[in-house]
Amino acid sequence: VAVADIIDNSIDAKARHVVVRLIARTDGKVDLVIWDDGCGMSSGRLKEAMRFGSSMEIESDMSRLGKFGLGLKLASLSQARELRVVSRSDRELSGRAWLETGIARGFICTVYEQRECLQLLRQVVPDRPLQRAGTVVWWSHLYRVAQRSGDAQHIAQRLLKRLKDHLALAFHRFLAKGKRKIDIEIEIFDQAQRSRGLPAPLTPLDPFGYPVSGVEGFPTKLVPPDVYKNRMALVAHIWPPNSSAPEYKLPGGVNGKQGFYFYRNDRLIQGGGWNGRREAEPHLGLARIAIDLDPSVDVDVGLDVKKVTIELPDEYIQAIEHAESPEGVSFKQYLSLAQAAYRKRQLTEAELPLIPSDGLPADLTAFLHKELRIKRTTKHRDLKFRWAPLSKSTFFAMDRDAGVLTLNRVYRRALLNGLPGSSADVPVVKCLLFLALRDALASQRLGPNLKEQVDQVNRILVRAVRHERIVG
Ligand SMILES: Nc1ncnc2c1ncn2[C@@H]1O[C@H](COP(=O)(O)OP(=O)(O)OP(=O)(O)O)[C@@H](O)[C@H]1O
Ligand SMILES: [Mg+2]
């Protein structure tokens with residue numbers, strides 16, 4: 001989160017290329033450097049930038065990611081005991097730092113001369129010069145990283161992975177093709193060898209990056225009522241079920257990834273969650289809504305300084321829940337469609353419902369399919385009726401794995417009542433039996449209730465069949 005805050009500044013500075021460098025230091029510790037090729041800062045601007053709550057840019061430019069004039073300092077000092085910044089704009093090279101000694105002596109900001117700036121750059125980015133303009137932010141003495149000495153490479157590797165996940169998601173819109181495209185690379189720099197490992201260019205991790213929508217008609221815009229129309233833009237998505245795509249899984253578990261995705265100027269601020277309106281639950285696992293907040297509502301929506309959470313006031317949530325697509329799909333309907341898509345998920349072969357296919361007159365089978373809305377494309381398994389001798393105490397036997405419903409041959413004559421037998425005989429009995437067992441035939445496992453239901457049907461029919469009068 002803190003690194004993303006620094007990259008926000010690079011993006012505001014119109015950088016095209018950002019490098020996040022983990023430095024495996026000779027003393028076994030890990031430092032972090034963020035290099036960019038943005039517009040850089042003059043010494044005056046850098047002075048202002050290093051102040052807490054600098055007011056220079058708290059102007060009306062709403063397209064900036066920066067807002068509070070604090071990110072550079074707060075994000076840095078929340079992670080590192082010392083912050084150094086070296087920046088070039090035009091010919092000017094300037095550097096400043098918040099060092100422990102300076103902070104202790106009453107918040108005195110360290111100022112570097114040109115020569116010292118060059119020296120600093122040589123230490124951490126000898127291979128990545130600041131060309132015409134650019135900025136290097138250097139964090140040292142990281143607090144939150146286990147700084148066991150001797151293990152720097154290992155720590156750096158782990159950090160690299162976490163950074164990659166988070167940044168690929170937070171900046172996915174910038175990493176994708178487009179007008180504001182930027183490249184972000186993460187790499188490990190071995191200070192002793194003065195060499196860098198292979199840089200890992202970030203590929204966007206788009207939480208809406210599915211190949212085909214889970215439900216036809218989606219994604220769709222949802223338009224909130226009244227004044228909220230201009231404050232946020234909603235697009236409701238339904239993921240296809242059973243995805244194992246990294247874009248679906250996302251770092252941090254799937255269940256928490258359903259719900260609202262808030263963007264501010266294309267930067268993802270909150271990824272997933274229902275903001276207290278409902279619990280994350282598997283049935284809503286396919287529902288994700290992209291919400292682009294207009295920066296004019298920052299105050300309303302309680303954007304925090306770190307820009308990681310949003311405290312959405314009730315009226316905003318209500319506006320979201322009253323949003324409707326241009327075709328008239330309500331928010332509620334959208335949620336039920338997403339739930340329905342989830343329920344249809346991954347019906348394994350054994351889970352598919354059994355539908356009569358064999359043992360009835362052909363036109364009756366066709367009619368039954370039509371009634372049950374079984375199309376050729378509807379997933380189901382064939383149910384076959386068979387006759388075989390069974391114990392007298394049972395009327396039928398159900399083998400769901402094999403998809404066979406066996407009728408007791410002992411009772412066949414009674415049921416035929418004088419008519420000749422055939423492979424499609426006693427259609428009424430077979431249809432009624434199918435209807436009586438429909439739930440059991442459609443479910444994968446028989447719980448105690450369903451099992452009792454099946455046994456009951458069996459007992460009753462055995463009793464009934466004894467009353468069939470046998471003719472001849
Ligand atoms: N990489 C950079 N390149 C050019 N200028 C920068 C860079 N980083 C910071 N600055 C300058 O320093 C100022 C202060 O940055 P800081 O992150 O502290 O605040 P902010 O971005 O304005 O607001 P926020 O607190 O929301 O991040 C910025 O407004 C910008 O002018
Ligand atoms: Mg900032």
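The values are calculated or read from the model by the stated rules, or taken from the named source; none is laboratory data. Predicted model, so just to flag it, every value in this text is computed and none were measured. FYI the Cβ positions are ideal-geometry reconstructions off the backbone, even for glycines, and counts take in every protein chain you see. Side chains included, ligands, DNA and RNA excluded: accessible areas come from the protein's heavy atoms. Shrake-Rupley method; radii C 1.70, N 1.55, O 1.52, S 1.80 Å.
Quick look at the numbers
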| item | result |
| --- | --- |
| On Cα atoms only, tilt of 448-465 relative to the major axis of the chain in degrees | 10 degrees |
| Ellipsoid semi-axes in whole angstrom, largest first, where each is sqrt(5λ) of the Cα gyration tensor of segment 101-223 | 37, 19, 17 |
| Sequence ranges 275-288, 30-43, ranked by mean other-Cβ count within 10 angstrom, highest first | 30-43, 275-288 |
| Segment Arg466-Ala280, length gained on full extension (0.36 nm per residue, minus Cα span) | 61.5 nm |
| Charge dipole (segment 24-148, unit charges on Cβ, about Cα centre) - positive-most of Gly38, Phe107, Val136 | Phe107 |
| Cα-centred dipole magnitude for the chain, charges only on beta-carbon of K, R (+1) and D, E (-1), debye, nearest 20 | 1440 debye |
| Percent accessible area from carbon and sulfur atoms, the chain, protein chains only, probe 1.4 Å | 51 percent |
| Directionally averaged shadow of segment 149-217, computed from the convex hull of its alpha-carbon atoms, nm² | 6.8 nm² |
| Neighbourhood charge, 9 Å Cβ-Cβ cut-off, centred on Leu250 and excluding it, Lys, Arg +1 and Asp, Glu -1 | 0 |
| Rg to Rh, two decimals, where the chain supplies the alpha carbon set and Rh follows Kirkwood | 1.22 |
| Neighbourhood net charge (14 Å Cβ-Cβ; Lys/Arg +1, Asp/Glu -1) for Gly209 | +3 |
| Cα gyration tensor shape for segment 1-145, rounded if a/c is under 1.5, else prolate or oblate | rounded |
| nm² value of the averaged projected area, convex hull over the Cα atoms of segment 98-158 | 6.0 nm² |
| Highest to lowest packing among 330-339, 293-302, scored as the average C-beta count within 10 Å | 330-339, 293-302 |
| Antiparallel bridge percentage (DSSP; both residues within segment 360-461; nearest 5) | 45 percent |
| Whole-number percent relative contact order across the chain, with pairs defined as alpha carbons under 8 Å at least 6 apart | 11 percent |
| Rounded to 10°, Cα long-axis angle of helix 152-170 versus longest principal axis of the chain | 70 degrees |
| Formal net charge of residues neighbouring Ala97 (Cβ-Cβ distance under 14 Å; K, R +1; D, E -1) | +2 |
| Check: segment 1-150 dipole with +1 on Lys, Arg Cβ and -1 on Asp, Glu Cβ, in debye | 320 debye |
| Selection from Phe434, Gly447, Tyr411, by position along the positive dipole direction of segment 383-459 (Cβ) | Tyr411 |
| Length-normalised contact order for segment 138-296 - Cα pairs under 8 Å, 6+ apart - percent | 19 percent |
| Charged-residue dipole, Cβ positions (Lys, Arg, Asp, Glu), segment 272-346 about Cα centre, Debye nearest 20 | 660 debye |
| Calculated from backbone phi, Karplus (6.51, -1.76, 1.60) coupling profile of segment 19-25 in Hz, x at Gly/Pro | 10, 9, 10, 9, 9, 7, 6 |
| DSSP-defined beta bridges in the chain - what % are antiparallel, rounded to 5 | 70 percent |
| Relative contact order of segment 96-217, defined on C-alpha pairs under 8 angstrom at six or more residues apart (%) | 16 percent |
| Gain upon complete extension [Leu70, Lys392; 0.36 nm per residue less C-alpha separation] | 107.5 nm |
| Label-point separation, Asp298 to Gln333 (7 Å along Cα→Cβ), nm | 3.8 nm |
| Signed unit charges on C-beta, dipole axis of the chain, positive-most listed residue Pro224, Gly276, Phe208 | Phe208 |
| Histogram of C-alpha separations across segment 390-472, 10 Å bin width, % | 16, 51, 27, 6, 0 |
| Protection-proxy order for peptides 403-415, 191-203, each taking the mean of Cβ atoms within 10 Å per residue, highest first | 403-415, 191-203 |
| Hydrodynamic radius of segment 295-343 per Kirkwood, over alpha carbon pairs, in Å | 12.8 Å |
| Inter-label distance, nm, simple model (7 Å from Cα along the C-beta direction), Ser195/Asn242 | 4.7 nm |
